[in-house]
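Here, each number is a calculation from the coordinates, and none is a lab measurement. It should be emphasised that the depicted structure is a prediction, and the values quoted were computed from it without experimental measurement. In this analysis, Cβ positions are derived from the backbone assuming ideal geometry, glycine residues included, and neighbour counts consider all displayed protein chains.
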Amino acid sequence: MGKTFNDTITTVLLIVLITGLQACIKEYSAEGGPVIPVQDTLTQPPVIPGNDTTICPECTGKDQFEENRWSFWESNSFLCGVIDTAIVGADRDVFTFFGLSSCSSDTNLVISVFLDNEKLDRDRQDLVIPKVVFYVSINAGSVYWLQTRPGTPFNMTIYSYDHQTRMTTGTFSGIVYKPDGAAVQVKGTKFKV
């Protein structure tokens, strides 16, 4: 009798919990209501006269190695941002870092690196890594503005890794794709994390 009673109580509690949680779900549909226009937070960087180069004001002077920062050129556009998160795998053979663009609060960069037979388990220098996943998303990840594709060359070079401080300095470069499928080159890159 004890087991049947416990099963009945457990079943009743689960039903109450499930129906109670469903009642907490908020309906976000606004069918028939006024259409609220989406505000675009992307700012258009200024064009430097004479060479059609675009650099947002926040990236001026950021074409250098700075701790917790990234930067790169894509065609005639210079982009930069902060690295606010870096994660290293338990075996120290894979790492990811990401952070927001300095030019727009809804644009971010993510890079994942697969070291294969190498590890970040001691001081390292001049590692060239061909297995890199790179993308820049806009609108909080809903659109990939630039992204790598399998089979297309994209490399990272770690100039130095200090195992004591865990500081990594390097570059990345290669071919990435825009949403329309156009291939472009990312170059003149820098990161320090």
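Distances between placed amide hydrogens fall under 5 Å for S77 paired with T54, all partners being 5 or more residues away or on another chain. Applying both filters, DSSP loop and at most 11 other Cβ atoms within 10 Å, to the trypsin sites (Lys or Arg not before Pro) of the range 94-144 gives R122. Sorted into 5 angstrom bins from 0, the C-alpha pair distances of the range 103-142 split as 6, 18, 21, 17, 12, 11, 13, 3 percent. Expressed per residue, the C-alpha convex hull volume of the range 47-192 stands at 114 Å³.
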